[in-house]
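Pasting a structure below so you can have a look.
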Amino acid sequence: MTRIATAAAAQTALMDLMKAQRSVFESQQQLTTGKLYPDLKGAGHRAESISAAYGARDRAESYKFSAERVQGRMDMTAVALEKLTESATDLRVAMTTIDGTYIMDQAREAFDKARNALSTQYAGGYVFGGTRTDTDPVTVNTLADLVAAPTAGDVFVNSSRRPVAKLDDQLTLEVGVLADEVGTDIMAAFKRLAEFDAGPNGPLNGPLTDAQQTYLQGEIANVMTAFERISDFVGQNGAQQSRVESMVKSQDQKADYLTSLIGDLEDADMAAAATRFQQAQTAVDVSARTFSVLSQVSLLPFLR
């Protein structure tokens, strides 16, 4: 009976030792990784919740990245539109003077500014090209090129569709401004001026004639129409900028919340893990000594 009891006690001590060693391993792993579980298999019933939270956070971060790219494009579009409004303003102001030479010099500078604005690039693509981002949407480089074109609208080769960005599970936004939509009116004004300068009432060189002044006074209204057209797109782009900025913040907050939720589900309490590790080490020492003692128990001392 003594041998049976001793064997049973030794077996129990061995089981306690193995349990304590397992506890040391688990708490040490938590201290090393900072996680409650080595993988989702070890998370048990929490595995599905953790996996779903990771998936939702990845989607939020992806949508945030997409919204930030759209925001960068819109910011660049806003800068380009500002240059385009400056071009229209410069042309209008030049037309109020009575020096033809000055008017044409300013017109060439204003044209270059408008042309460069409409050819603005962001992240390797043309912001006014629509879905066709690999080709400059403006095909003319000088006023002479513009005069040679059949119409002002013919100098644009952008696509007819704007890029589409998915910014949330339920939100797909059409973004951007097309070159021909915003630039045709101002290019038409440049074209008419250049054609007039090259026509029978030209050139605009030195003091203006009465016919030239009459023409310019009438053309100022057309330039103002072009300016207002550009201003409309400035407003539209600004409204979309605000919406996209809101989406960036929303997705950022969502990702932060889900990161916190994941932490609550799988992150270890480091202080508690350290305490468990120390307790487990003590338990290993005690269990090991107990098992050692029980393993050496014998009846020989009592039979001598």
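Determine which member of the set Ser66, Ser160, Ser62, Ser87 is assigned by TED's automatic domain parsing to the domain that holds Val223 and over 28 Å from Ser246 (Cα atoms).
Values: Ser66 fails: over 28 Å from Ser246 (Cα atoms); Ser160 fails: over 28 Å from Ser246 (Cα atoms); Ser62 fails: over 28 Å from Ser246 (Cα atoms).
The conditions single out Ser87.
Next question. Would you mind finding the one in Ser250, Ser231 that is closer than 30 Å to Met76 by Cα, modelled with pLDDT of 95 or more and not aliphatic (A, V, I, L, M)? Spell out how you get there, then give the answer.
Working: Ser250 fails: modelled with pLDDT of 95 or more.
Exactly one residue qualifies, and that residue is Ser231.
Which residues, taken from the stretch 118-138, are in a loop (DSSP other than H, G, I, E, B) and either touching a Cys at 6+ places or on another chain (Cβ under 8 Å) or of a type in the set (Val, Ile, Thr) (or both)? Working first, answer last.
Step one: list which residues in the stretch 118-138 are in a loop (DSSP other than H, G, I, E, B), which gives 119-120, 123-124, 127-137.
Result: Thr120, Val127, Thr131, Thr133, Thr135.
Taking the stretch 109-160 as the region of interest, how many residues are closer than 19 Å to Ala194 by Cβ and surrounded by 20 or more Cβ atoms within 10 Å (Cβ to Cβ)?
Here the count works out to 13.
Quick check, is Thr172 among the hydroxyl-bearing types (Ser, Thr, Tyr), in the same structural domain as Ala110 (by TED's automatic domain parsing) and in a helix (DSSP H, G or I)?
So Thr172 does not fit the description; no.
List every residue pair whose Cβ atoms lie under 6 Å apart, where the two residues are 6 or more positions apart in sequence or sit on different chains, the first residue falls within the stretch 133-146 and is farther than 16 Å from Asn158 by Cα and modelled with pLDDT of 95 or more, and the second residue, located anywhere, is of a type outside the set (Asp, Glu) and in a loop (DSSP other than H, G, I, E, B).
From the stretch 133-146, the pairs are Leu146/Val140.
In the stretch 196-218, how many are farther than 19 Å from Ala144 by Cβ and either surrounded by 12 or more Cβ atoms within 10 Å (Cβ to Cβ) or over 50 Å from the mean Cα position of the chain (by Cα) (or both)?
Step one: list which residues in the stretch 196-218 are farther than 19 Å from Ala144 by Cβ, which gives 206-218.
So of that shortlist, the ones also either surrounded by 12 or more Cβ atoms within 10 Å (Cβ to Cβ) or over 50 Å from the mean Cα position of the chain (by Cα) (or both) come out as 206-216.
Total meeting the criteria: 11.
Identify, from the list Ala80, Ala67, the residue that is crowded, with 17+ Cβ neighbours inside 10 Å, over 13 Å from Ala179 (Cα atoms), hydrophobic (A, V, I, L, M, F, W, C) and touching a Ser or Thr at 6+ places or on another chain (Cβ under 9 Å). Write out each step before concluding.
Details: Ala80 fails: over 13 Å from Ala179 (Cα atoms).
It is Ala67.
Residue check: is Phe65 touching a residue at least 12 places away in the same chain (Cβ under 8 Å), part of a helix (DSSP H, G or I) and not charged (D, E, K, R)?
Details: touching a residue at least 12 places away in the same chain (Cβ under 8 Å): no; part of a helix (DSSP H, G or I): yes; not charged (D, E, K, R): yes.
Criteria not met by Phe65.
Then there's this: Any residue at all in the stretch 95-117 that's out of contact with any Leu (no Cβ under 7 Å at 6 or more places or on another chain), of a type in the set (A, V, I, L, M), part of a helix (DSSP H, G or I) and in the same structural domain as Glu219 (by TED's automatic domain parsing)?
The answer is no; no qualifying residue exists.
Separate question: Inside the stretch 181-236, can you point out the residues that are among the charged types (D, E, K, R) and within 21 Å of Phe156 (Cα to Cα)? Don't jump to the end; show me each part of the working.
First pass over the stretch 181-236, keeping only residues among the charged types (D, E, K, R): 181, 185, 191-192, 195, 197, 210, 219, 228-229, 232.
Matches in the stretch 181-236: Glu181, Asp185, Lys191, Arg192, Glu195, Glu228, Arg229, Asp232.
Can you pull out every residue in the stretch 83-108 that is in contact (Cβ under 8 Å) with a residue 40 or more places away in the chain and loosely packed, with under 15 Cβ neighbours inside 10 Å?
Filtering the stretch 83-108 for residues in contact (Cβ under 8 Å) with a residue 40 or more places away in the chain gives 84-85, 87-89, 91-92, 95-96, 98-101, 103-104, 107.
Across the stretch 83-108, the qualifying residues are Thr96, Ile98, Thr101.
Determine whether Ala165 is part of a strand (DSSP E or B), closer than 23 Å to Val244 by Cα and small (Gly, Ala, Ser). Lay out the reasoning, then the answer.
On the way: part of a strand (DSSP E or B): yes; closer than 23 Å to Val244 by Cα: yes; small (Gly, Ala, Ser): yes.
Considered against the rule, which asks whether it is part of a strand (DSSP E or B), closer than 23 Å to Val244 by Cα and small (Gly, Ala, Ser), Ala165 comes out as yes.
Right, next: Which pairs have Cβ atoms under 7 Å, sit 6 or more apart or on different chains, and link a residue in the stretch 208-237 that is part of a helix (DSSP H, G or I) to one that is of a type in the set (Asp, Glu)?
That search, which allows pairs on different chains as well, returns Thr225/Asp185; Ala226/Asp185; Arg229/Asp185.
The values are calculated or read from the model by the stated rules, or taken from the named source; none is laboratory data. Since the structure is predicted, the reported quantities are computational estimates derived from the model, not experimental observations. So basically every Cβ, Gly included, is an ideal-geometry build from the backbone, and we count neighbours across all protein chains shown.
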